[in-house]
Amino acid sequence: MDGIFKFKYDGDSMTWNTGVSIPSGAVLVVDPQADRKSGRIAIADHQGYPVIGALSHVGASTYLRPTNQQYPAVEIDPASIVGVVTLIEIQAP
């Protein structure tokens, strides 16, 4: 992927009552060229499905950690990261 794109988030793995919370239906602006350091929210292609979470680099392993503590962290191949979220657009009620 070359340029910035938008992705409509559908789910609850990034919704929690503390910290960064992304509600289902939010539109994420994703930059494939953004810095992929720990703590940034990223999207990866994991087994053919988009996975969203906070990047965490631990030793030689890379994980996406959901905000919702009911979901486990997912170990990913760093090459599967399609981009980093740079903006979250939320529809006002």
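Observations
- First in the range 31-58 and more than 13 Å from V84 (Cβ to Cβ) and touching a residue at least 40 places away in the same chain (Cβ under 8 Å), second anywhere and open to solvent by less than 80 Å² (accessible area, probe 1.4 Å) and in a strand (DSSP E or B), Cβ under 6 Å, 6 or more apart: P50/I43
- Residue count for the range 2-15 satisfying the condition of being open to solvent by less than 80 Å² (accessible area, probe 1.4 Å) and either out of contact with any Asp or Glu (no Cβ under 9 Å at 6 or more places or on another chain) or not aromatic (F, W, Y) (or both): 8.
- Residue selected from the range 77-93 under the condition of a type in the set (G, A, S) and loosely packed, with under 11 Cβ neighbours inside 10 Å, by the criterion modelled with the highest pLDDT: A79
- Within the range 21-76, strands (runs of 3 or more DSSP E) holding 2 or more residues that are of a type in the set (V, I, T), open to solvent by 80 Å² or more (accessible area, probe 1.4 Å) and at pLDDT 95 or above: none
The values are calculated or read from the model by the stated rules, or taken from the named source; none is laboratory data. What you see is a predicted model; the values in this text were computed from it and never measured. Every residue, glycine among them, receives a Cβ derived from its backbone with ideal geometry; neighbour counts consider all protein chains shown. Just so you know, the surface numbers come from the protein's heavy atoms only, side chains and all, with ligands and any DNA or RNA stripped out. Shrake-Rupley method; radii C 1.70, N 1.55, O 1.52, S 1.80 Å.
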